[in-house]
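The values are calculated or read from the model by the stated rules, or taken from the named source; none is laboratory data. This is a predicted model, so every value here is computed, not measured. Reconstructed Cβ throughout: ideal geometry from the backbone, glycine too, with neighbour counts over all protein chains shown.
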Amino acid sequence: MPEKELRYAPTHEWVSMDSDAVVSIGITDFAQDQLGDIVFLELPEPGAEVNAGQPCATVESVKTASDIHSPVTGIVVEINQKAVDSPELINEAAWKTWLFKIKVNNPGEFEQLLNSDDYHALISDD
């Protein structure tokens, strides 16, 4: 999916709408660049309830550990086991490597996230 079609959270997660009620979540290229070499992921369990803006996962790099926040509220329906087994995939292609999928309670939350231009303006100020 082209990066322009994604939505973004200010906490550096990208969101892709897979269907009317399911979204894929990953971390942005900016986030993985700031973290450095990613060595471990702890993702939410399928069936877990997550809330928009709240930490729900952890990514660890050689530099630090950082929370991954859920950009939307809903239920985790799937995790990317390939990313858990090989977290370096995020460093290779962050915007192509989804981490988990959420069945959203309110699909309108997706539309409230930052578009590509707004996200890039945000990170250019950081």
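A few points about this structure:
- Cβ pairs under 8 Å, 6+ apart, first in the stretch 61-88 and free of Cβ contacts under 8 Å to residues at least 40 places away in the same chain, second in a helix (DSSP H, G or I): SER61/LEU35; LYS63/LEU35; THR64/LEU35; SER66/ALA31; SER66/LEU35; THR73/GLU109; LYS82/LEU89
- Only a single item in (1) more than 21 Å from GLN81 (Cα to Cα); (2) under 12 Å from the mean Cα position of the chain (by Cα); (3) not charged (D, E, K, R) is not met by TRP14, and it is number (1).
- Within the set SER16, SER124, the sole residue that is of a type in the set (S, T, N, Q), surrounded by fewer than 20 Cβ atoms within 10 Å (Cβ to Cβ) and outside any helix (DSSP H, G or I) turns out to be SER16.
- Complete set of residues in the stretch 84-121 that are of a type in the set (Ser, Thr, Tyr), part of a loop (DSSP other than H, G, I, E, B) and either surrounded by 15 or more Cβ atoms within 10 Å (Cβ to Cβ) or modelled with pLDDT under 95 (or both): THR97
- Restricting the stretch 25-59 to residues that are assigned to a loop (DSSP other than H, G, I, E, B) and surrounded by 18 or more Cβ atoms within 10 Å (Cβ to Cβ), the residue that is nearest to the chain's Cα centre (by Cα) is THR28.
- When LYS63 is tested against (1) over 17 Å from TYR8 (Cβ atoms); (2) not in a loop (DSSP other than H, G, I, E, B), only condition (2) is not met.
- Hits in the stretch 48-103 - residues which are polar (S, T, N, Q) and touching a Phe, Trp or Tyr at 6+ places or on another chain (Cβ under 6 Å): ASN80
- Single unsatisfied condition, PRO55 versus (1) in contact with a His (Cβ under 7 Å, 6 or more places away or on another chain); (2) under 14 Å from ARG7 (Cα atoms): (2)
- For PRO71, the criteria (1) in contact with an Asp or Glu (Cβ under 7 Å, 6 or more places away or on another chain); (2) within 22 Å of PRO107 (Cβ to Cβ); (3) loosely packed, with under 13 Cβ neighbours inside 10 Å; (4) not polar (S, T, N, Q) hold in every case but one, which is (3).
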